[in-house]
Structures are given as C-alpha cells and as structure tokens.
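First the structure, in the form of structure tokens, and then the observations on it.
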C-alpha cells in the first residue's frame, strides 16, 4: 500500500510535559485509521502536529513524500490535508452556504469552481435544504455536517476527524458513518479520533493507541480489543 502520511519519531513538549514521545505513525492512501487513547494521551496534539497547528520539537511529518514539518496550516490544506475540530468551529451568524464557501474560496481562485465545490459538499452532507440557515439554529448533528462540509469542500486527500460522533444520537452516528464510508470508497483517507469505541471499531480497518504520549499499540481493531496493555489503559472499556 502507498504511504500517504508519515509521522516519524514526533516529539512535542509543553514545558516539562511530554505530550508526544517519539511517536511514529504511517497512514496509507485510502485507509480508515482510528487514533484512540484516554484523555491526555496525545491524540489531539498529534492531529495538531499533522495539520500544522503545532510544530514538533523533534521528528518530522511527511505528506506524499514531501517534508511538511514546518509548513503553515493553510498551505497543508492546499496540499490536501483537512480536518474537523473537537469542538464546533463554525461562524454562527453566517449562513451555512457561506460557512462552506469561505473554505472553498481559500483554495480555489475560480469563483465558479468554488461555488460548484460548495454545492457538492452540501449535497454529500445532506445540507442543501439548510444552505440559507444560520448555524445557531441547527441541531448538533447538522452543525457537525457543516464542519464536515467545510473539510470536504477543499477536495482533501486526507481528512482528520477529531471526535466526529460527540454529542450525536446512535442514529446520527450511523448516518455519519455511512457518509464516511461512501467518501472512503472514493479513496478519501481518514484518520479518526474518537472515544465512542463501539462505533469506531465498526468503521476502521486499523487502529493506533496512544497513552501518556507514547504509541502502545498499532494493528487491527480486533487485536486491540484483546491486547493486555490496551485493556489495562482502558480499564475494561473495550
């Protein structure tokens, strides 16, 4: 399989706290990778390093063979790396359409292309009916779809989802999973950080487990469930 992203011995410190300790992760083109671990394990820090929000103290990040360790976040978006954040990050008093089109315009200088991409992203996330609605009037699920549409509209090759199921009902989680699966069938690669393991394990093909800034497991979801160190970390949650 072709490597899309490589995190090579990434270390990130905040004062005396080591958030990531020589973490190496490879993401293959077209895969669904889960990134799990207890609170404070380093998951979001790793996502922030991959997207350029944070610069590692040691190690490097390589995307499609190019070292992007010190590349700014907006330039990584242009290369094909997109994300949704752990908390909702939309413009609450800007209609849904413009929330999404602003992201499109940050990548596409052609106005017609930006409009076409916006319509496509709203269609995929089933938001066309809410295109003129303000996010403050939307349900948590629809807000999550706005975030996903903003991530998709830039035509990414890799999407990082930080807790995409948070605050959603079981039915809404199932709908979100179906959208992710359909996109993945078109070779879109996902790295998914999620605490709702019962749902995540049904979706992903491979999982990386972090604990206290270190990678403690990498492999198939079924193997993670039976791994003693992973089970110890989760205190029987899995």
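Annotations
- The gain in end-to-end length when the residue 29 to residue 174 segment is fully stretched comes to 49.8 nm, 0.36 nm per residue minus the alpha carbon separation.
- Normalised by the number of residues in the chain, the average gap of Cα pairs under 8 Å and 6 or more apart makes the relative contact order 27 percent.
- This ranking places 1, 145 by how few other beta-carbon atoms lie within 10 Å of each, fewest first, which gives 1, 145.
- Where both bridge residues fall in the chain, DSSP classifies roughly 55% of the beta bridges as antiparallel.
- The share of C-alpha pairs in region 89-155 whose separation exceeds 16 Å stands at 34 percent.
- Largest mean-square fluctuation among 112, 83, 70, in a Gaussian network model of the chain whose springs join Cα atoms under 10 Å apart, belongs to 112.
- Averaging the Cα positions of each part gives two centres, and for region 1-51 and region 167-233 these lie 14 Å apart.
- Applying 0.36 nm per residue to the separation of residue 66 and residue 106 and subtracting their alpha-carbon distance, the gain on full extension is 12.2 nm.
- Region 128-238: C-alpha gyration tensor shape, a/c 1.5 cut-off, then a/b vs b/c: prolate
- Mean separation of Cα contacts under 8 Å, 6 or more apart, over the residue count of region 6-55: relative contact order %: 30
- Pairwise centroid distance, computed over Cα atoms, of region 65-79 with region 97-146, Å: 24
- Cα gyration tensor shape of region 34-98, rounded if a/c is under 1.5, else prolate or oblate by comparing a/b with b/c: oblate
- Dividing the summed helix terms, -39500 (n - 2.57) for each DSSP H run of n ≥ 4, by the number of residues in the chain produces a 222 nm estimate of -11000 deg cm²/dmol to the nearest 500.
- Backbone N under 12 Å from the residue 113 label point (7 Å along Cα→Cβ), restricted to region 73-107: 105-107
- Size descriptors for the chain, from the alpha-carbon set: Rg then Dmax equal 17.6, 54 Å.
- Look at the alpha carbon pairs under 8 Å that are at least 6 residues apart: their mean separation over the length of region 127-238 gives a relative contact order of 18 percent.
No lab work stands behind these numbers, since they all come straight from the coordinates. What you see is a predicted model, and the numbers here were worked out from it, not measured in a lab. Virtual Cβ from ideal backbone geometry, glycine too; neighbours counted across all protein chains shown.
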